[in-house]
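Data first, discussion second: the structure below is written as structure tokens.
Each reported figure results from applying straightforward, stated rules to the coordinates on display, with no laboratory input. As the structure is a computational prediction, the values presented were derived from the model and not from experiment. We place every Cβ from the backbone using ideal geometry, glycine too, and count neighbours over all the protein chains shown.
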Amino acid sequence: MDFTSNPDHALVSIDDSLLQATPFSFKLSRNEEYKIMFHKNGYSNRVFILKPDFQGGWLVMDIFTVYGLIVDGITGAWHDWDYDFVYGVLDKN
């Protein structure tokens, strides 16, 4: 997932763990929900709840193979993101 912001160089935390300043990329698990917070001094914080979307097509295809059900269930292939980036726009205080 790519993280960008306006203004640039906002600090990003995921589930209350500080990562780094924007812009950057970070690998997220496809079957987890995350709390994303953008912070920069002089600006209001911006918080997003990032939820994966259930991809029903994988489940329908997996019904025909037990192996597919097991592998896709473990790897999280039934879930994915609706987008490839998170863009935080921060308002001045």
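Between Asp82 and Ile49, full extension at 0.36 nm per residue minus the direct alpha carbon distance yields a gain of 10.6 nm. A Förster radius of 41 Å, combined with the Cβ-Cβ distance separating Asn31 from His9, puts the computed FRET efficiency at roughly 0.85.
Near the amide H of Asn6, within less than 5 Å, lie the amide hydrogens of Gly88, Val89, Leu90, all on another chain or at least 5 residues away, with H placed in the peptide plane.
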